[in-house]
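One structure is given here, and the rest of the page talks about it.
What follows draws every value from the coordinates through simple rules; no lab data is involved. This structure is a prediction, so every number in the text was calculated from the model and none was measured. All Cβ positions, glycine included, derive from the backbone under ideal geometry; neighbour counts span all protein chains shown.
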Amino acid sequence: MTTDSTPAPRRTRQRAAVSELMQNQEEFRTAQQIHDQLRQAGASVGLTTVYRNLQAMADTGELDVIRTPEGELSFRQCTTVQHHHHLVCRSCGRTVEITGPTVEKWANRIAEEHGFSEVSHELEIFGTCAACA
């Protein structure tokens, strides 16, 4: 989201290409994977530009971002707009959006016990889906 003092990001040809590609992704993808897909589709775009656009889209809430068990950032356009978590298959990357009211209550209780406010959290659960098991 942009504020009154923050200008909206420019809608460049590269940003449009990244945005269009992300609309058709079901699994989380790294910047390198997205860059490879764009190049295979004939787009002339650098890896740094892809990463910068992905990060900008994540900053505005257009994309969700998770850190894989290997520490790499992965991006996906989610269908759920409210706060949610992800269940991700380590093998194929299949992703399920999940809500966790118990996790929310626990996080808020722990934060309150320790005097924290304005709490946020991220929870990603990695496993193996039934198709890959």
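Sorted ascending by nearby beta carbons within 10 Å, beginning with the fewest, Val88, Val50, Val81, Val103 become Val81, Val103, Val88, Val50. Once semi-axes √(5λ) of the Cα gyration tensor in Å is worked out from the coordinates, which option in [x] 28, 22, 11; [y] 53, 27, 10; [z] 21, 17, 15 does it equal? Of the listed options [x] 28, 22, 11; [y] 53, 27, 10; [z] 21, 17, 15, [x] comes from this structure. Placing a label point 7 Å from the Cα of Glu104 along the Cα-to-Cβ line, the residues of segment 67-82 whose backbone N sits under 15 Å from it are 80-82. With both residues required to sit in the chain, DSSP beta bridges show an antiparallel share near 70%. Projecting the Cα positions of Ala130, Thr30, Val96 onto the charge dipole of the chain (unit charges on Cβ atoms of Lys, Arg, Asp and Glu, taken about the Cα centre) puts Thr30 furthest along the positive direction. The helix-only estimate of mean residue ellipticity at 222 nm for the chain, built from DSSP H runs of length n ≥ 4 each weighted as -39500 (n - 2.57), is -11000 deg cm²/dmol after division by the residue total. Once the other residues with Cβ under 14 Å from the Cβ of Glu104 are scored (Lys, Arg +1; Asp, Glu -1), what is the net sum? Once positives and negatives cancel, what remains is 0.
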